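In what follows, a single structure is set out as structure tokens and then discussed.
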Amino acid sequence: MPRAVHGVNLFVCRSWFDVAHHDPEPVEGSPSTLSKPRPVGGVSNGLTEKGFSLLELLVVLLLLGLSSLIVLPAIDKGLREREVKQSALQLAAVARNLRSRAVYDNTLQRLIFNPLENSYQAAAGNKVVLSSDAKITGIEGAEPLGDGLMQFLFFPNGSLLGGEVGISSREGTSSYLIRLEPLTGRVVVVKGNRE
């Protein structure tokens with residue numbers, strides 16, 4: 001890399017070889033013609049080829065468009081799967097909270113599901129409707145209440161009515177199973193379908 005010597009910029013100065021061997025008409029293919037930019041159209045009008053041609057820009061835009069066709073659906077699928085996972089984890093957190101409240105307050109707690117509305121709620125809490133990307137696919141072990149409602153009970157001794165709640169994406173590409181263990185009261189989230 002050239003460096004400045006005593007305030008002189010070496011990028012601007014020509015080497016002694018260029019000054020001493022100045023050829024008014026260089027031979028085609030010589031090192032002096034290869035290093036210099038060629039004039040546009042073969043005519044020396046002071047303009048040189050700089051920048052990109054329209055064809056090069058169109059090729060780059062075409063490649064960007066093709067890559068976005070490949071990448072954007074994968075990103076969209078990942079976002080949908082994330083919504084399903086978040087819904088399953090949120091439901092598990094509500095169930096764990098209800099178990100803790102049952103033990104702490106020494107009162108029976110209820111988790112009520114409405115599969116027709118794709119929602120659930122704690123007996124004294126707000127209704128939570130799952131996102132449009134997630135749906136309740138199955139409830140096993142819950143107590144039926146009528147009108148399609150089902151409930152899980154959390155007892156003050158830490159136990160609960162055992163069962164499973166399935167949540168999956170609308171397309172069925174990803175699914176989660178929330179297991180409620182009856183004796184221990186553990187709430188476990190498992191990726192995948194029932195086994």
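Summary table below
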{"read-out": "Test: residue in segment 47-67 that is within 34 Å of the chain's Cα centre (by Cα) and within 30 Å of Arg179 (Cα to Cα)", "value": "no"}
{"read-out": "Candidate set: segment 90-116, residues that are farther than 17 Å from Leu161 by Cα and loosely packed, with under 14 Cβ neighbours inside 10 Å; chosen: the one modelled with the lowest pLDDT", "value": "Leu116"}
{"read-out": "In segment 124-141, residue nearest to Glu81 (Cα to Cα) [restricted to those that are in contact (Cβ under 8 Å) with a residue 24 or more places away in the chain and among the hydrophobic types (A, V, I, L, M, F, W, C)]", "value": "Ala134"}
{"read-out": "Residue in segment 166-181 that is aromatic (Phe, Trp, Tyr), part of a strand (DSSP E or B) and either loosely packed, with under 14 Cβ neighbours inside 10 Å or over 30 Å from the mean Cα position of the chain (by Cα) (or both) present", "value": "no"}
{"read-out": "Answer from Leu145, Leu180 - the residue that is hydrophobic (A, V, I, L, M, F, W, C) and farther than 30 Å from Leu79 by Cα", "value": "Leu145"}
{"read-out": "Qualifying residue in segment 106-126 (condition: acidic (Asp, Glu) and not in a helix (DSSP H, G or I))", "value": "yes"}
{"read-out": "Qualifying residues in segment 130-149 (those that are of a type in the set (A, V, I, L, M, F, W, C) and under 20 Å from the mean Cα position of the chain (by Cα)) - the one surrounded by the most Cβ atoms within 10 Å (Cβ to Cβ)", "value": "Ala134"}
{"read-out": "Output for segment 182-192, where each listed residue is part of a loop (DSSP other than H, G, I, E, B) and within 23 Å of the chain's Cα centre (by Cα)", "value": "Gly192"}
{"read-out": "Subset tally (residues that are of a type in the set (Lys, Arg) and under 21 Å from Ala102 (Cα atoms)) for segment 160-195", "value": "2"}
{"read-out": "Output for segment 142-157, where each listed residue is touching a residue at least 40 places away in the same chain (Cβ under 8 Å) and in contact with a Leu (Cβ under 9 Å, 6 or more places away or on another chain)", "value": "Gln151, Phe152, Leu153, Phe154, Phe155, Pro156"}
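The values are calculated or read from the model by the stated rules, or taken from the named source; none is laboratory data. Please read these numbers as outputs of a predicted model, since none were measured by experiment. A quick note on method: Cβ atoms are made from the backbone with ideal geometry, for glycine too, and the neighbour counts reach across all protein chains shown.
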